[in-house]
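Colleague: Shown below is the structure under consideration.
The values are calculated or read from the model by the stated rules, or taken from the named source; none is laboratory data. Here the structure is a predicted model, which is why all the values come from computation and not from measurement. Every residue, glycine as well, gets a Cβ built from its backbone with ideal geometry; the counts of neighbours run over all protein chains shown. With ligands, DNA and RNA removed, areas are computed over all heavy atoms of the protein, side chains included. Shrake-Rupley method; radii C 1.70, N 1.55, O 1.52, S 1.80 Å.
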Amino acid sequence: MSRVAAVMLVLLLSACDSNATLPAPSIRSISPREVQPGYPGVIRITLEAMVPIRVDYTRQEAQAGLGVSLWFGTVEAPLLELDEDNTLEVFLPATLPPGVHDVRVVLADGREAVRAQGFSVLSSINPAVDAGSSNLPDGGTRTGTPMAEGDITGFEFTPVEEQRQGQPFVVTVRALGPRAAEFEEKVDLSLGAGEGRVTPSTLDQFIGGVCTQSITLDSQSTGVKLQATDRFGVSGTSNAFGVR
């Protein structure tokens, strides 16, 4: 490590170790905010925060977010991941009872962010929700419940450039619809009639409504289109691209 880099790390460490020099964090979003008991998906909490950095001088490396903890009410949820955009990922704690809970994030340096009554575990399925009531929270979403028809309205591919037959390439597919951010299922992947075969024929599980995966095509064509289709028959098609 150069002398300049070492000085910069020391300054950064000093700044991050001082609560007085860092602004208080805040919780920007919680998704989903309402779930059924036993909800199996990932819960994501995004922070507006400067996360403190700890430096390991023996390895000459810096790590962010060490020691960050998250609580639903009085129940701690073990942290699965802290993304670079300050999004924490956790599973629903099995011991969290039904009811409305505060969400509290404690950073390694002791600063806290709290969203009062920010998360709910339902005691039972709401009949009005199942009936498709227009009085649903968040503009009609049914957060934490299984996906139903109308929750996903389509799929969108990022633009695909010309590819080579048999050579792997990466596609990114986004779910569309009122519950797109909660979509965490697998969908079928196919080509148009007579355009050959795509491998694999099923996309991996979506995370937060997005799936990025490597695929291959076994045919050559000037106008191939990929199609993603969910279990309700909702689909989306990519742009036409060449395979040579």
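Colleague: Count charges around Ala240 for me, please; just the other residues with Cβ under 12 Å from its Cβ, Lys/Arg as +1, Asp/Glu as -1.
Modeller: On the way: positive: Lys225; negative: Glu161, Glu162, Glu195.
It works out to a net charge of -2.
Colleague: Net charge around Asp83, counting only other residues with Cβ within less than 12 Å of its Cβ (Lys, Arg = +1; Asp, Glu = -1)?
Modeller: Working: positive: Arg44; negative: Glu81, Glu84, Asp85, Glu89.
Result for the local shell: -3.
Colleague: Over the range 154-243, what percent of the accessible surface lies on carbon and sulfur atoms, probe 1.4 Å?
Modeller: Exposed carbon and sulfur together represent 45 percent of the surface.
Colleague: All other residues with a Cβ under 11 Å from the Cβ of Ser190 taken together, and with Lys, Arg as +1 and Asp, Glu as -1, what is their net charge?
Modeller: Local charge sum for Ser190: 0.
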